[in-house]
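To start, the structure itself, in structure tokens.
The values are calculated or read from the model by the stated rules, or taken from the named source; none is laboratory data. Note that this is a predicted model, so its numbers are computed, not measured. Heads up, the Cβs are rebuilt from the backbone with ideal geometry, glycines too, and the neighbour counts pull from every protein chain shown. Only protein heavy atoms, including side chains, enter the accessible area calculation; ligands, DNA and RNA are left aside. Shrake-Rupley method; radii C 1.70, N 1.55, O 1.52, S 1.80 Å.
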Amino acid sequence: MKQVGEKKTMTDEFILEVQDLKKYFKAGRPGWFSRGENFIHAVDDVSLKLKRGEVVALVGESGCGKSTLSLTLMGLEEATEGTILFEGNDITHLNDRERKSLRQRIQMIFQDPYESLNPTQTIEEIVSEPLVVHGLAPSLDERRERVRRALEDAGLKPAESYMQRFPHQLSGGQRQRVVIAGALVLEPHLLLADEPVSMLDVSIRAEIINLLADLRQSRGISVIFITHDLGTVGYFADRVAVMYLGRIVEIGKMIEVLESPQHPYSQALLSVIPVPNPRLRKKRVILQGETPNPIDLPTGCRFHPRCPVAIERCKSIDPQLIELSETHRAACILLAK
Amino acid sequence: MAFQTVEIKPAVPSSPLLGFWRIFSKNRMAVVGLVMLVVSIVVAVFAPLITPYDPQTSAGLTSGDIYNPPSAEHWLGTDDAGKDVFSSFIYGSRVSLIVGFFAAFISIVIGGVIGIVAGYYGGRLENLLMRFTDLLLVIPDLPLIVVIVALTKPSLFNIIFVIGILGWTTTARIVRSQTLAVKSRKFVLRARAIGAGNRHIIIHHVLPLVLPLLVVNAILVISLAILNESTLSFLGLGDPTAISWGQMLNFAFGRGAMSAGAWWALATPGFGIVWVVLALTLLGHGLEQVLNPRLESHHLMPGRLTVQSEAEVESTEKARRRESPVLLDVRNLSVQFVNNGTVAQAVQDVSFQLHEGEMMGLVGESGCGKTTLIMALNRLLPASGQISNGHVYFHGKDIASASEEELADVRWSGISIVFQGAMNALNPVRTVGDQIREAIVKHIPTMTPDQVDKRIVELLELVGITADHKDHFPHQYSGGMRQRAMIAMALSCNPQVVIADEPTTALDVMIQAQILELLDALRKRLGLAIIFVTHDLGVVAEMCDSVLVMYGGVTAEHADVDTIYNAPRHPYTQELLKAFPDLSQPEKRLVSIPGYPPKLDALPAGCRFAPRCPLAFERCLVEMPKQYELPGHHIASCHLVES
Amino acid sequence: MNRYQFLWKKIAWALFTILFVVVLNFFLFRILPGDPVRSGTRDPRLKKDAQEALRIRFGLDKPVIPCFETLNPIKPGDCAVNPFETQFFLYLRNLTQGELGYSFHTNRPVADVLGERLWNTILLIGAGQLLSIVIGVLFGMFAAWKARTSIDYGALITGLVAWSLPTFWLGIILLFWGSNNGFPIGGKATPGISSFPFLYQAGDVFKHMILPTITYTIVYMGEYLLVMRSSLLDVLAEDYILTAKAKGLTTFQILKDHALKNAMLPIVTIIAINLGFTVAGAIQIESVYSWPGLGGAVYEALERRDYPVLQGVFLLIAVSVVLANLIADLTYSFLDPRVQAD
């Protein structure tokens, strides 16, 4: 992405600006016997901007870095390089106190509602925990009132009948609503949703997605929605970013990417998502092999060893995102004119 | 292979503590242990009220009073100094319990703190602490305790201190690994995400989940401390001023009780030790069962025999749907689970025919009986499961009533299974090639070892795995490769029917596409009939010829794939399709089905889908619909179809 | 990590542990109030010249350890500038020459005393361990296979009771019963038996071994039974057992080829950890049956305050346990292919 004329004055429009973000992990423990150090390039040079009230879907296979990206944005992992601006402030490196106060404005929803609730706490304890941690609503009545509101906003009505229950007494969908209530109670501006429906039965996925869509309408929350299944968020997300091996390879409006994906990886990824209509059996582009490990990255374009249309130059040139339209970009040298 | 969906769970308790007590009180072992422990504590506390003599004095002693057998005066006789054994025995409980509880307290505190700190903070601190723990762990406990106590002045305080300070190593290890496990759970990440600090997380999230384990471990540590104390006292290292069971034995053994035939002086103190230690052991073991319940059954328990509750009826599918011959003919199959006298109907009256070369999709939400149904086809139900009616004809033979020997022949060479989660379905300590070999040797005994080797390589290459991976272990394979290996294994004995139980769940979309393509190619090449179990309606639409939709253990709808997707008649099928995302219509707002599938031990009286059905009317609530046959070999169980 | 790296890492760790034990053994017997060597040299039972010889041999005229600034756990100021002129160095040097000091009681070299007794203990522990492992594992397997039947509950209760028995007490009770039923009342051989033919002697030793071995077997069998039972129960509930069943293998084949090896893994660890406890058991059993082994030596040394023997036994026991642990670790890595991947 060319970084021309990006000015700080734009920050009012954007809630989040990510610039050249990198997150590397050391691979293995350097012991007595292993020589040198290797790095896992989990997130490698990612830039992304999110408007207020916008929903962006991050798509990719496991190991593409989408979860690490969300943890880094959340400050649960420290960025190796790059900057993250949130509401105009640099939040890349913060001390504990600053980080804590930021947590009120960025919240996260996790993949597995069975795992993300402490089985020994009641629903009320779970949802009020953020308030207690931040010292908000010190009086019990006030706290209870905010918990009640959060639960009802998350669709658990009447809230009173849920507050004294334990997670194991709820269904998967209800638990995910509790997780959402626990995030809402702090009234965040940005919500990071890490595969929030992939563990749920198909029949109840829609209710969670619809809930998030409603919350975005009513509260103007921005959402980064991490998923491997584009179908689920099709109507909900405004834009989509496709990730491969730590990079964004294509980003654009949802409809643009779904209807005319430009990067060969996006094309393959979309072609293999099954469509529930036997009359629409389509040609699938099945990539062979598996995603290479993010320690020894391929030279040139990271996708070239599996790319069905790769040419000789792909082995040496690492492509940058190329602007295809005002909203649509993809990183492939074949697209350069 | 998710059988837990059909396990009958006890009524949900309102709080963990109450729930704990409810299960605890049902565990006979734990209750007996607790009662025995309470008895010994009561005896120790009220020792002066119970004992007829002062154990310290032996007033009015003559030589005739030594080693007197039990009498009305001395219930358990007298010892080497003419003292009352019963009184000493009662008082001895005090030392055992005091040493046990105090030493264990020291150990648990040290071990608990070290374990939590090491597990939670990790890094270099953890390394240091755990290395230190490992060091102490290999140094034999008792000899070290003996040496230290022998070198210091033997007093109760020293004994407690030494046993306590050396007994924490196992606790530290257990607590550390539990802390690590808790720390990796998502709710800790969630707590960090809301901004909670380490102290808050340790107190509110780690400790409550480590505590149960710590309690079980504490009980073990107490019993070990008691055994150690008695051994020390027996070796003559006890506190000379306190009466303990070990010391009583030391005196009796060392001062001629053996030759005097004074069994009472030898047996009594030991009985005390066994009583207390056994009480703790039973309690600890019972507690462990309560806190960490194992599955009620394992796979080698004898299965229940099939019963036939109704006379056989004609196949519901009267006409052939396809030209090819029928391979598997399932008629009115019902499966129930019997647990502690309660019966859960997991599958009821399911019929279908599978033709050669056909791929049938089996779909439905979790808990709808899909897994139970396919396990029943091969009689692989868990011990509590039972075919309660119906037949599974395979080559004219009824598998439902086959003997164990007949079953062993049909399994794998007739019907094989591609299990979901190949990581768990493959034995981790045997090579993949070896596990394939075993099936071939079992079912094709005529093959020579060389032929078998060649066949293994062929099979692996068939699924796209190179021969050099033959002697690798499952953990050396990637997720996609394991699933391919599972498929190779399933094909190894030339089966005619392959059951694929969610073979692509938990795999990435691209790997899923690879596996699906492979299955499809193999089916065409080998003429296999496949039952494809999945909850992914997209995969079914792309792969299958026919679809059986299950709900609450019954057939909701069964038809060819085009009918199911373009003209479904059962409201459940219709609702499922509305809930399923469709990339070809990205703007479509998805609609979820309100509510949840019924619990199999509390099925509704009428149609099982009625409580969630948008079209339900009165009749649906009281009368279960028949399986109506529609034109085009289309079956739907809905009252609306009748009219 | 490959196999060799794993191997070397384990061996290095074992060596470090042994070093730790050696150092611990030195300070234990010097820091603690008993101060055996010093009080030993003043033991009235020793002749003056013997006392002097001991003093020189242990270098008691020399400071305990080299100077590390002011850090001296023994006595501030009681340290040497030259590290080779210390008791600690002498102790290490003596150790490398197999010199463990002299018994206060018999005035014989401790190494000789322990050398004779080591074999007796190995005989007893070997027989007892072997029997308890075989019986415990077999019963544990059977119980797990027949889970939730009366066989299982019976085995479980037996295991728990056996685990709860104090070793020495079980020994006493068996000895009490045995002495009234024609069993020898202790020791390793009947006095005067050495003039009889070898087979006759061996039979005599065997007779003496029966009760101690039974005691040993009962006490340790309990734990093996419990561990094997729960380990096999876990394994039998694994998905790969269902796979094996679906492949049409018989119950026996599944147990033999799929369950046993996997279920044995925890047993290997337990056997190693148990060796520490085993020694504890040996002390108790050998004291009760006057078996002339290392455990018996501990009992006698305690009675006679024979500290050099105690120190020697402790060192020997600790080093053996460390080595046994090493062997168990290596066996485990051989049995479980996943270990090297970690």
*So, in nm, how far is label A:Phe39 from label C:Gln201 when the simple model puts each one 7 Å beyond its Cα toward the Cβ?*
7.3
*FRET E, pair C:Leu15, C:Ile214, Förster distance 35 Å, beta-carbon r, rounded to 0.05*: 0.40
*Determine the alpha carbon to alpha carbon distance for each of A:Lys283/A:Lys315; A:Lys66/B:Lys183; B:Lys26/C:Lys146; A:Lys66/B:Lys186 and list only those over 19 Å.*
A:Lys283/A:Lys315; A:Lys66/B:Lys183; B:Lys26/C:Lys146
_Residues of the range C:162-191 that become at least 40 Å² less accessible with every protein chain present than in their own chain isolated, using 1.4 Å: which are they?_
C:Trp163, C:Ser164, C:Pro166, C:Phe168, C:Trp169, C:Ile172, C:Phe176
*Going 7 Å from the Cα of A:Asn95 toward and past its Cβ, which residues in the range B:190-227 have a backbone nitrogen under 20 Å from where you end up?*
B:195-200
*Give me the net charge of B:Asp84's neighbourhood, meaning all other residues with Cβ under 13 Å from the Cβ of B:Asp84; Lys, Arg count +1, Asp, Glu -1.*
-4
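Compute for chain B: radius of gyration divided by Kirkwood radius, i.e. Rg/Rh, restricted to C-alpha atoms, rounded to two decimals.
With Rg and the Kirkwood Rh in hand, the quotient comes to 1.11.
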*For chain A, set up a Gaussian network in which alpha carbons nearer than 10 Å are linked by springs, and say which option among A:Ile273, A:Ile251, A:Ile226 fluctuates the most.*
A:Ile273
*Do the sum for chain B: with -39,500 (n - 2.57) for every DSSP H run of n ≥ 4, divided by all residues, what is the mean residue ellipticity at 222 nm, to the nearest 500 deg cm²/dmol?*
-15000 deg cm²/dmol
*Relative contact order for chain B using alpha-carbon pairs under 8 Å, separation at least 6, rounded to a whole percent?*
12
*asked:* As a test of the definition: with a 1.4 Å probe, what buried accessible area, both sides summed, do you compute for B against C, in Å² to the nearest 100?
replied: 7200
_Where labels lie 7 Å past Cα in the beta-carbon direction, separation of C:Leu118 and B:His200 in nm_ = 6.0
*Considering only chain B, percent of DSSP beta bridges that pair antiparallel, nearest 5*: 65
*asked:* Between A:Glu13, A:Glu250, A:Glu98, where does the largest GNM mean-square fluctuation fall for chain A, given springs only between Cα atoms within less than 10 Å?
replied: A:Glu98
*So, in nm, how far is label B:Trp21 from label B:Thr241 when the simple model puts each one 7 Å beyond its Cα toward the Cβ?*
4.2
*Quote the convex hull volume per residue of the range B:16-295, based on C-alpha atoms, as a whole number of Å³.*
160
*asked:* Cut-off under 16 Å on the C-alpha distance; same-chain residues fewer than 8 positions from B:Lys442 excluded. Which aspartates and glutamates are left, in chain and number order?
replied: B:Glu404, B:Glu405, B:Glu406, B:Asp409, B:Asp434, B:Asp450, B:Asp453, C:Asp257
_Where the protein assembly as shown is the region considered: accessible area per residue in Å², 1.4 Å probe_ = 42
*Which angle between 0 and 90 degrees, to the nearest 10, do you get for helix B:245-254 versus the longest principal axis of chain B when only C-alpha atoms count?*
60
*Provide a list, ordered by number, of residues in the range B:185-213 showing at least 30 Å² less accessible area with every protein chain present than when their chain is taken on its own, using a 1.4 Å probe.*
B:Arg185, B:Lys186, B:Phe187, B:Leu189, B:Arg190, B:Arg192, B:Ala193, B:Ile194, B:Gly195, B:His200, B:His205, B:Leu209
*What accessible area, summed over both chains, is buried at the A-B interface (1.4 Å probe, Å², nearest 100)?*
6000
*Given a Förster radius of 56 Å and the C-beta distance between B:Val109 and C:Phe252 as r, what FRET efficiency does 1/(1 + (r/R0)^6) yield to the nearest 0.05?*
0.70
*asked:* If the reach is capped at under 14 angstrom between alpha carbons, list the aspartates and glutamates near B:Lys83, excluding any in the same chain fewer than eight residues apart.
replied: B:Asp54, B:Asp65, B:Glu73
*Mind pulling the angle between the C-alpha long axis of helix B:123-138 and the longest principal axis of chain B? Nearest 10 degrees, somewhere in 0 to 90.*
60
_Accessible area of the protein assembly as shown with a 1.4 Å probe: how many percent of it is carbon plus sulfur?_
59
_GNM top mover of A:Glu152, A:Glu312, A:Glu129 - chain A, alpha-carbon springs below 10 Å_ = A:Glu312
